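First comes the structure, then the notes that go with it.
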Amino acid sequence: MRTPWRHVALASTAAIALAFVPTAALADAQAGTDAPITLDLYNLTDVHGHIQQVSKKGVVREAGLPAMNCYLKKATQENPNSSFTLLGDNIGASPYISGSLKDNPTIAALNTMNPLASTIGNHELDMGQAVFKQRVDGSNPSEFVQATFPYLGANIQGMGTYGEGTPYLGDYKLWKSPSGITVAFIGAIAEDVPYKLSPGTTAGLTFTDPIKRIDSLAAQLKSSGTADVVIAMLDDDVKNNYPKVGKDVDGLMGGDTHVPYEFDHVNSHERFDSANPLLAGIASGSYTDNLGLIRLTIDPKTRKVSSADSILIPAADVAACGADPATQAVVDRAEADSKEAGKRVVATGYTTPFKRGVFTTPEGATDPGSNRGIESSLGDLVADSLRETILTPDGKSVDIGMIMAGGLRADLVPNEDGTITYAQTYEVEPFSDELGYVTLKGSDVKDALEQQWKTDLNSQNSRPMLKLGLSSNVRYTYDPARPYGERITSVTINGEPLKADATYTVGSVTFLLAGGDSFEALTRGGAATTNGNLDRDSFNAYLGAHSGAAARSIQATGGLTPREAKSSIGLTLPTDPVADGSTVTIPLRGLSFSEGPSITSKVRVSAGGAQVVAEVDNSLVDAHASDAASVITTDGAGQASVDVTVVGACEGKAAGEVVNVPVTVATDFATVVEAGDGLTIPVTCAGTAAPDPSPSADAAGDTQSGNQAAAQTPRKNTKASKGSLARTGVDFGGLAGAMFVGAIGVAGVFARRRFNRYQSENK
């Protein structure tokens with residue numbers, strides 16, 4: 001039987017605490033000298049359960065908590081006047097090793113590091129107030145490891161007390177250094193916490209202005225002689241608050257933004273005014289990418305700060321120390337236990353895999369997930385889950401769900417018994433991204449779609465297109481032959497055309513909403529409003545809610561199978577007027593997914609009456625998949641070139657008058673471009689009644705009139721016959737093969753990257 005997490009944490013804490021206590025003789029020696037006193041105040045913010053060391057391309061990017069503890073212990077030996085504090089968001093939005101175990105490993109690991117105190121972060125409340133209280137008071141040890149350090153939140157009222165009146169949130173923590181200098185650490189948090197969490201999470205709590213509260217307490221602590229030095233531990237943006245804190249604050253520790261900062265009046269590259277001319281400000285960043293340090297020089301006679309320096313210690317420097325054994329034991333235990341947790345079933349009744357985009361190299365290799373430039377059934381599924389699970393404060397779902405292809409790192413393949421496990425969804429979404437939403441104008445949404453195409457390809461930006469997965473209520477068309485930034489030709493939301501000046505809520509992971517993968521347009525709505533949930537947790541809830549053996553398409557009621565019809569279609573239409581009754585060639589692409597089962601074999605195109613049916617080329621080879629030529633050929637799965645006789649509504653029109661003829665496109669599964677989408681061909685009327693469209697032959701040799709063909713166009717989803725893959729050859733009812741090649745022009749069939757590149761690239 002495994003040792004309970006609580007026992008591991010307490011045993012480790014007891015062992016490590018001894019190593020942190022300097023000898024009395026050393027403390028007395030320091031206190032008795034007239035030499036300046038150096039206080040080293042170490043800090044971490046936004047750990048978010050990142051307890052392991054992480055290296056990328058041979059460089060340590062996250063030191064991990066075992067290395068952090070090793071470094072802190074060594075630093076304390078060198079300078080006993082050292083402290084360690086946390087700035088909040090220690091847990092929540094955590095990776096699998098901690099999140100799958102209710103973040104108990106993170107609390108246990110932090111306990112071994114003997115922090116003086118931690119500010120409460122909004123993510124400490126991800127699982128609700130009751131769970132947070134259990135982590136503090138230890139009232140539910142079978143479920144939650146008790147934190148052996150106090151939490152602070154001076155500007156929060158309503159949390160209450162436990163035991164003999166101990167507050168769940170203190171105002172400050174006093175620390176008397178071995179030198180005899182007393183430091184007060186005041187903890188506070190941004191006032192907007194209720195808007196960062198699910199509705200109701202902060203019920204009964206009141207959040208006041210943190211700066212006013214910090215300044216008030218700082219003045220009291222100094223005037224009363226309670227503290228010689230005051231440090232503000234504010235879970236908020238250091239850069240914004242550095243100029244705001246009052247003269248009695250000697251140091252500002254911050255976080256929340258995940259951006260590392262160091263501001264002081266010693267050697268900072270960027271300087272700001274401050275009420276205290278010696279103020280030092282620091283934010284370590286996030287996870288364990290840096291260790292923050294405020295180094296104060298104290299005049300032993302006046303007991304005041306004479307110099308203050310902010311320092312960021314990179315993860316690689318911290319990692320060079322090695323690993324603390326007690327902390328490493330916690331991490332090792334978590335690795336073993338999380339593997340067992342991965343067996344948990346999150347959904348049942350699934351029979352069809354959801355896959356990422358692929359391509360086939362000229363050498364014939366096909367690598368899972370190798371093509372991030374095509375709409376995929378997995379991307380669509382995740383986008384639908386985001387739309388359903390991300391709610392605005394009024395309890396409504398966001399208008400659009402959106403996900404980047406690079407955030408999905410494995411196909412979702414149900415087990416033979418129809419189950420999906422936690423470990424499987426973790427492999428799909430391993431980054432533990434936080435969810436949120438932004439409010440954008442329709443024009444911004446359109447610009448984000450334009451930014452799927454990438455330019456200036458190089459070793460850091462090597463993919464010519466990064467396709468966005470979109471919720472099923474969104475459809476759009478694009479013209480790959482148009483210049484960059486002008487390729488989106490129509491967008492509909494819930495069947496209605498996108499309005500440029502209207503506002504839409506877009507839900508996604510914060511990585512994307514912050515402009516990740518160069519989607520700058522998504523940042524125009526400001527910082528995302530977060531809900532405290534992780535992508536994977538919400539995805540699991542979504543899959544579970546749609547469980548069932550009788551799973552049907554997401555467009556239908558009930559469970560989930562891959563989307564049948566593409567939501568994004570590429571086609572090039574003439575922009576100059578054509579003569580009424582003339583024949584035009586329309587190249588199409590993106591008609592199929594790269595993965596089954598929804599691969600269309602035929603496409604039906606009409607323009608003003610006559611309809612032509614052609615076979616679809618579903619080849620997955622792209623000779624230009626690795627170079628700039630793919631900028632316009634990406635998303636090429638499912639290509640065709642169709643000759644259509646355009647018949648305008650010219651009856652009663654004067655000669656030379658131009659009318660716009662709607663274009664529709666249908667696959668085996670649905671009408672994917674509807675007349676209401678607004679795609680048209682301009683037709684110049686001849687001044688006489690329009691000629692009747694001549695019959696056209698489809699690829700199978702059947703002859704039917706335009707009206708007859710239109711009647712057979714599928715207007716709703718129908719199930720494709722299983723085991724029938726589309727042919728790769730194309731027959732256009734008499735159109736020569738050379739004409740087909742000419743119509744397609746530079747169009748390749750698919751964006752791809754070689755497997756070694758896919759393996760090495762990061763999101």
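Is it true that some residue in the range 334-350 is closer than 30 Å to Ile107 by Cα and touching a Lys or Arg at 6+ places or on another chain (Cβ under 8 Å)?
Pass one, the range 334-350, residues closer than 30 Å to Ile107 by Cα: 334-347.
With the extra rule that they be touching a Lys or Arg at 6+ places or on another chain (Cβ under 8 Å), the set shrinks to 337.
Checking the range 334-350: at least one residue is closer than 30 Å to Ile107 by Cα and touching a Lys or Arg at 6+ places or on another chain (Cβ under 8 Å).
Among the residues of the range 165-179, how many are out of contact with any Gly (no Cβ under 9 Å at 6 or more places or on another chain) and either at positive phi or not β-branched (Val, Ile, Thr) (or both)?
Residues of the range 165-179 out of contact with any Gly (no Cβ under 9 Å at 6 or more places or on another chain): 165-166, 174-179.
Right, trim to either at positive phi or not β-branched (Val, Ile, Thr) (or both) and you get 165, 174-179.
Residues meeting the conditions: 7.
Conditions first: (1) in contact with a Leu (Cβ under 7 Å, 6 or more places away or on another chain); (2) over 20 Å from Phe185 (Cβ atoms). Leu279 passes all but one, so which condition is the exception?
Condition not satisfied by Leu279: (2).
Return the total of residues in the range 378-408 being basic (Lys, Arg) and either buried (at least 23 other Cβ atoms within 10 Å of the Cβ) or closer than 15 Å to Phe511 by Cα (or both). Steps first, please.
To start, the set of residues in the range 378-408 that are basic (Lys, Arg) comprises 387, 396.
Restricting the remaining residues to those that are either buried (at least 23 other Cβ atoms within 10 Å of the Cβ) or closer than 15 Å to Phe511 by Cα (or both) gives 387.
Total satisfying the criteria: 1.
Restricting attention to the range 180-210, and to residues there that are within 22 Å of Ala232 (Cα to Cα), in a loop (DSSP other than H, G, I, E, B) and among the small types (Gly, Ala, Ser), which single residue is modelled with the lowest pLDDT?
Ala190
If the requirement is being surrounded by 23 or more Cβ atoms within 10 Å (Cβ to Cβ) and small (Gly, Ala, Ser), which of these qualifies: Gly469, Gly516?
Working: Gly516 fails: surrounded by 23 or more Cβ atoms within 10 Å (Cβ to Cβ).
Checking each option against the conditions leaves just Gly469.
Inside the range 37-61, can you point out the residues that are in a strand (DSSP E or B) and within 19 Å of Glu262 (Cβ to Cβ)?
Within the range 37-61, Thr38, Leu39, Asp40, Leu41, Tyr42, Asn43, Leu44, Arg61 meet the criteria.
Just one of (1) in contact with a Ser or Thr (Cβ under 6 Å, 6 or more places away or on another chain); (2) under 27 Å from Ala93 (Cβ atoms); (3) not β-branched (Val, Ile, Thr) trips up Gly516, so point out which.
That leaves (1) as the condition not met.
Give the range 231-252 a look and list any residue that's out of contact with any Phe, Trp or Tyr (no Cβ under 8 Å at 6 or more places or on another chain) and farther than 18 Å from Phe207 by Cβ, or say none.
Result: Gly246, Lys247, Asp248, Val249, Asp250, Gly251.
Check the range 564-580 and report whether any residue there is under 26 Å from Asp444 (Cβ atoms), modelled with pLDDT under 95 and part of a helix (DSSP H, G or I).
No, the range 564-580 contains no residue that is under 26 Å from Asp444 (Cβ atoms), modelled with pLDDT under 95 and part of a helix (DSSP H, G or I).
So which residues in the range 32-45 are in contact with a strand residue (DSSP E or B) (Cβ under 9 Å, 6 or more places away or on another chain) and modelled with pLDDT under 95? Please lay out each step first, then the result.
As a first pass, look at the range 32-45 and keep what is in contact with a strand residue (DSSP E or B) (Cβ under 9 Å, 6 or more places away or on another chain): 36-45.
Within the range 32-45, no residue meets the criteria.
Just to verify a result, which residue in the range 213-228, among those that are in a helix (DSSP H, G or I) and in contact (Cβ under 8 Å) with a residue 40 or more places away in the chain, is nearest to Val245 (Cα to Cα)?
First, the residues of the range 213-228 that are in a helix (DSSP H, G or I): 213-223.
When the remaining residues are screened for being in contact (Cβ under 8 Å) with a residue 40 or more places away in the chain, the result is 213-214, 217, 221.
Numbers: Arg213: 10, Ile214: 8, Leu217: 12, Leu221: 15 Å.
Applying the filter and picking the extreme gives Ile214.
Just give me the residues in the range 515-536 being in a helix (DSSP H, G or I), modelled with pLDDT of 90 or more and more than 19 Å from Ser377 (Cβ to Cβ), in sequence order.
Hits for the range 515-536 are Glu520, Ala521, Leu522, Thr523.
Restricted to the range 110-129, and to residues that are in contact with a helix residue (DSSP H, G or I) (Cβ under 6 Å, 6 or more places away or on another chain) and part of a loop (DSSP other than H, G, I, E, B), which residue is farthest from His48 (Cα to Cα)?
Selected residue: Asn114.
Name every residue in the range 315-328 that is surrounded by fewer than 19 Cβ atoms within 10 Å (Cβ to Cβ) and outside any loop (DSSP other than H, G, I, E, B), in order of residue number.
As a first pass, look at the range 315-328 and keep what is surrounded by fewer than 19 Cβ atoms within 10 Å (Cβ to Cβ): 316-317, 320-322, 325.
Once the filter is applied, which keeps residues that are surrounded by fewer than 19 Cβ atoms within 10 Å (Cβ to Cβ) and outside any loop (DSSP other than H, G, I, E, B), the range 315-328 yields Ala316, Asp317, Pro325.
Would you call Ser443 crowded, with 18+ Cβ neighbours inside 10 Å and closer than 22 Å to Ser518 by Cβ?
On the way: crowded, with 18+ Cβ neighbours inside 10 Å: no; closer than 22 Å to Ser518 by Cβ: yes.
It is false that Ser443 is crowded, with 18+ Cβ neighbours inside 10 Å and closer than 22 Å to Ser518 by Cβ.
What is the number of the single condition among (1) over 15 Å from Ala448 (Cβ atoms); (2) under 12 Å from the mean Cα position of the chain (by Cα); (3) modelled with pLDDT of 95 or more that Lys499 does not meet?
(2)
Would you be able to tell me the number of residues in the range 160-179 that are assigned to a strand (DSSP E or B) and within 21 Å of Met233 (Cα to Cα)? Talk me through it step by step, then tell me what you get.
Keep residues of the range 160-179 that are assigned to a strand (DSSP E or B), which gives 161-162, 166-167, 170, 172-176.
Now narrow it down to the ones that are within 21 Å of Met233 (Cα to Cα): 166-167, 170, 172-176.
Result for the range 160-179: 8.
What number of residues in the range 78-97 are acidic (Asp, Glu) and closer than 20 Å to Gly128 by Cα? It would help to see each step written out before you state the result.
Filtering the range 78-97 for residues acidic (Asp, Glu) gives 78, 89.
The next check asks that each one be closer than 20 Å to Gly128 by Cα; those that pass are 89.
Count: 1.
Can you name the number of the only condition in (1) modelled with pLDDT under 95; (2) over 22 Å from the mean Cα position of the chain (by Cα) that Gly99 fails?
(2)
The values are calculated or read from the model by the stated rules, or taken from the named source; none is laboratory data. Only a predicted model underlies this, so the values are computations on that prediction, with no experimental measurement involved. Glycine also receives a Cβ, built like all others from the backbone with ideal geometry; neighbour counts cover every protein chain displayed.
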